[in-house]
Structure formats: structure tokens, C-alpha cells
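Reviewing the structure listed below.
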Amino acid sequence: MNDNFRMVDTSQQSNVDINIDYARKNLVNLIYNQAILEGVVTTYENVNNILNSGQVNGMTSTDIMKVVNLKHAWEFVLDENVIMTEENFSFLSQINKLVLEGFYYNAGKVRSTPAKIGGTTWIPSIPIESQVVEELNGLLNSELDDVSLAIELLLYVMKRQIFIDGNKRTAVIFANHHLISRGLGIISIPSDSVEDYKKMLIMYYEGKDTDNIKKFLRDKCYISLKG
């Protein structure tokens with residue numbers, strides 16, 4: 001078997017299928033929540049229309065493309081030939097390429113320019129690919145339970161600012177691949193809680209609070225689908 005694929009118990013497979021089906025049926029809501037988190041000016045109706053090739057009003061072409069790219073990235077990770085792919089830096093990079101398709105020639109590559117985060121004076125360091133690979137592998141090989149690990153992966157990618165753009169979008173999809181491929185559910189930050197989440201995220205970036213945001217993600221954003 002290809003080394004990029006993980007063996008799973010057949011008893012888990014039905015849960016994986018349930019998770020994939022749930023994600024596909026709720027894709028509009030998942031992408032709408034991500035779009036709002038990203039600051040895209042849109043409505044649920046517009047996202048639904050974009051995903052279903054309908055008419056869209058009051059959105060820029062840039063924001064429309066962001067939504068379309070999110071659709072492509074979700075379709076990629078939910079594909080039956082991809083869902084059991086082992087998480088690693090290469091897989092994370094592929095998600096970022098899809099999220100940023102048509103925006104940056106260096107999408108999916110570790111950024112080499114400074115990043116500035118709105119709402120804080122904290123500045124993430126320039127990432128070095130070998131260090132990112134080591135840090136990511138350290139998380140993936142940790143003894144955390146899978147839900148806790150998904151939360152850590154999400155927050156790590158957001159804070160590390162690995163890529164030139166799309167880190168939050170990439171982080172959410174990467175973390176969800178981890179959960180869905182194990183039949184454990186979905187993480188989606190509700191659109192009406194985005195402002196609260198962003199405030200907690202700034203605190204997390206600055207190292208002032210690491211507990212509240214993790215509790216928030218588990219209590220308010222995680223949907224268990226384990227049978």
C-alpha cells in the first residue's frame with residue numbers, strides 16, 4: 001500500500017462515510033462560516049449561489065474566487081481517494097495551493113516575506129520549512145486525543161502563518177480532514193461568533209491566553225459525528 005495512506009479498522013469506515021456525507025451536505029454552511037472568518041463580504045445566499053452556479057449580487061470578483069477556491073479545497077480533501085491520506089506538510093501545502101489558486105504564484109510554499117496581523121503588534125517570525133516540518137510532525141506524533149490534536153493543528157497553522165496568505169482557511173480544512181478521516185466530526189467557527197473568536201485568536205497569538213480559545217473551539221465549534 002502507498003505510504004501516504006493509513007490503514008483503518010472497518011468498524012470506523014461507516015463513521016468516516018457519515019462524516020463525509022455530513023460535510024458535503026453542509027458545505028454551504030461550512031464555507032460561509034470560513035468566508036466570514038476571512039472577512040469576505042457575503043451572505044449565506046450568495047455562497048449557496050456560487051457553489052451551485054447561481055446568480056451572485058454585491059460581491060467582488062476576488063471574494064467570489066475565494067469562495068470558489070474553498071469549494072475546490074473541500075472537494076479535494078473529501079474525495080474518496082484523498083480522505084485517508086496521511087497528514088503532513090506536503091498535504092497541508094496542497095490545501096493552501098487550492099485555497100490560493102489564481103492569487104499567488106508561490107501558493108503552497110513557505111512564505112519568505114514578513115507577515116503583519118491586524119489588531120496586534122505581534123509579528124510572526126519568517127518560517128523555515130525544515131522547522132515547520134519538524135514542528136508539524138511533532139504535533140502529529142503527539143499523544144493528544146484526535147479532537148485535541150485537530151484543535152492544536154488548526155491553531156498552529158493559524159499562528160505560525162506558514163504561507164503568504166490563506167492560513168486560516170487552510171488551517172480549518174486541514175484540521176477537518178484530520179477529524180473526518182477518523183470519523184470524529186467537524187470544526188466550524190460559527191459566523192455569529194467570528195468576532196469573539198478573532199479576539200481570542202489575538203490573545204493566543206500574543207501568548208496571553210492559550211486555554212479559552214481551545215475551550216471555545218471544542219465547546220462552540222466542534223460537532224461530534226462519532227456513532
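Screening the candidates LYS198, LYS214 for the property of being of a type in the set (Lys, Arg), farther than 18 Å from LEU30 by Cβ, in contact (Cβ under 8 Å) with a residue 40 or more places away in the chain and buried (at least 17 other Cβ atoms within 10 Å of the Cβ) yields one hit, LYS214. So is LEU140 crowded, with 21+ Cβ neighbours inside 10 Å and closer than 16 Å to PHE91 by Cβ or not? So LEU140 does not fit the description; no. Selection over the stretch 102-120 of residues that are on the phi > 0 side of the Ramachandran plot and either touching a residue at least 60 places away in the same chain (Cβ under 8 Å) or touching an Asp or Glu at 6+ places or on another chain (Cβ under 7 Å) (or both) gives a count of 1. Is the stretch 2-17 home to any residue that is under 20 Å from GLY54 (Cα atoms), surrounded by 14 or more Cβ atoms within 10 Å (Cβ to Cβ) and modelled with pLDDT of 90 or more? Among the residues of the stretch 2-17, not one is under 20 Å from GLY54 (Cα atoms), surrounded by 14 or more Cβ atoms within 10 Å (Cβ to Cβ) and modelled with pLDDT of 90 or more, which makes the answer no.
The requirement of being closer than 29 Å to MET65 by Cα and polar (S, T, N, Q) is fulfilled nowhere in the stretch 204-219; no residue meets it. Residues in the stretch 78-89 include none that are at pLDDT 95 or above, part of a helix (DSSP H, G or I), touching a Phe, Trp or Tyr at 6+ places or on another chain (Cβ under 9 Å) and not β-branched (Val, Ile, Thr). Suppose the filter is in a helix (DSSP H, G or I) and surrounded by fewer than 17 Cβ atoms within 10 Å (Cβ to Cβ); does SER112 pass it? So SER112 does not fit the description; no.
When the residues of the stretch 52-77 are filtered to those that are in a loop (DSSP other than H, G, I, E, B) and β-branched (Val, Ile, Thr), the one that is nearest to ARG169 (Cα to Cα) is THR60. On inspection, ILE187 passes the criterion of being surrounded by 14 or more Cβ atoms within 10 Å (Cβ to Cβ), of a type outside the set (Phe, Trp, Tyr), within 17 Å of ILE36 (Cα to Cα) and touching a strand residue (DSSP E or B) at 6+ places or on another chain (Cβ under 8 Å).
Within the stretch 130-146, residues that are in contact (Cβ under 8 Å) with a residue 12 or more places away in the chain reach partners that are among the polar types (S, T, N, Q) and part of a loop (DSSP other than H, G, I, E, B) with beta carbons closer than 9 Å, at six or more positions or on different chains, in the pairs VAL133/ASN88; LEU136/ASN88; ASN137/ASN88; LEU140/ASN88.
The values are calculated or read from the model by the stated rules, or taken from the named source; none is laboratory data. Note that the structure is a prediction, hence the values are computed from the model and not measured. A quick note on method: Cβ atoms are made from the backbone with ideal geometry, for glycine too, and the neighbour counts reach across all protein chains shown.
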